[in-house]
Amino acid sequence: MNEILNLINNASFLTAFTGAGVSTFSGIRDFRGENGLYNDEDADKIFDLDYFLTDPSFYYRRSKDFIYNIDEKTPGIVHNMLAKLENEGRLKAVITQNIDLLHQKAGSRNVVEVHGTPEFHHCLNCGKFYSFNKIIEIVRKDETPGCDDCGGIVKPDITFFGEQLPEDAVNKAFELASKSDLMLVLGSSLVVQPAASIPLTTVQNGGKIVIVNNMPTPLDYDAAMLFSDLREFCELIN
């Protein structure tokens, strides 16, 4: 207990890197865990760009209950802990792979979303912007959003497989990682590249990483400390 508290208290540039595991406390399924989304049939097609362009209705049907209901979800223990650390001036930023907006909802202000965000949607043909709330209204009627100007496909600003990650966010994430003398890596399997390389950048620049995840990760041997239980870890910090 004292060791992790000392690491955090003595860090001059503390950051956090979060994955889907941190949102399971909010009732959102992770992707690769025991009850993860990718255990479902055809789940690999949900965020496949080619499949989306062929049949956008598939994405909206399958994501209705875990993306287009996140306005009803509340931040969990990890989100609240990180917001508290930032509010106290100890945490510089949260770098997240998540697309559920719960870090912001908890009060975190400096959030870098490396896999994009559902907060914004755009027509792929004419570029017209649609708010998240507008799209929620449509999806909850079991309808597929389409552009009301040109009839084009409306896509969330989430990075699908087959797309490049948002350049500004990724550059910012690697910049933060290179400056970090301590990064808390929370609830991520660290298998989706290139985002999973962000914590490694901290190690390569002389910083330390602390990994908290319920299954092994490729960077476990690089970690200064390992924990398996997110709730217990947050209770230690709080």
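Would you confirm whether any residue within the range 51-59 is crowded, with 16+ Cβ neighbours inside 10 Å, farther than 20 Å from Phe120 by Cα and at pLDDT 95 or above? Yes. Per the listing Ser188, Ser178, the residue uniquely free of Cβ contacts under 8 Å to residues at least 40 places away in the same chain and either within 25 Å of Leu85 (Cβ to Cβ) or in contact with a Gly (Cβ under 8 Å, 6 or more places away or on another chain) (or both) is Ser178. Counting the residues of the range 25-50 that are touching a helix residue (DSSP H, G or I) at 6+ places or on another chain (Cβ under 8 Å), part of a helix (DSSP H, G or I) and at pLDDT 90 or above gives 3. Scanning the range 2-23 for residues that are out of contact with any strand residue (DSSP E or B) (no Cβ under 9 Å at 6 or more places or on another chain) and surrounded by fewer than 19 Cβ atoms within 10 Å (Cβ to Cβ) yields Asn2, Leu5, Asn6, Asn9.
Among the numbered criteria (1) in contact (Cβ under 8 Å) with a residue 60 or more places away in the chain; (2) touching an Asp or Glu at 6+ places or on another chain (Cβ under 6 Å); (3) of a type in the set (A, V, I, L, M, F, W, C), which one does Val203 miss? (1) is the only condition that Val203 fails. Scanning the range 216-238 for residues being assigned to a loop (DSSP other than H, G, I, E, B), more than 14 Å from Ala196 (Cβ to Cβ) and not charged (D, E, K, R) gives a total of 3. When you check Phe174 against the structure, is it in the same structural domain as Tyr59 (by TED's automatic domain parsing), modelled with pLDDT of 95 or more and of a type in the set (Phe, Trp, Tyr), yes or no? So Phe174 does not fit the description; no. Among the residues here, Val154 does not qualify as assigned to a strand (DSSP E or B), assigned by TED's automatic domain parsing to the domain that holds Ile95 and modelled with pLDDT of 95 or more. Take the residues in the range 132-142 that are in a loop (DSSP other than H, G, I, E, B) and touching a residue at least 12 places away in the same chain (Cβ under 8 Å); name whichever of them is farthest from Asp100 (Cα to Cα). Within the range 132-142, the match that is farthest from Asp100 (Cα to Cα) is Asp142.
The values are calculated or read from the model by the stated rules, or taken from the named source; none is laboratory data. Small disclaimer: the values here were computed from a predicted structure and weren't measured. Reconstructed Cβ throughout: ideal geometry from the backbone, glycine too, with neighbour counts over all protein chains shown.
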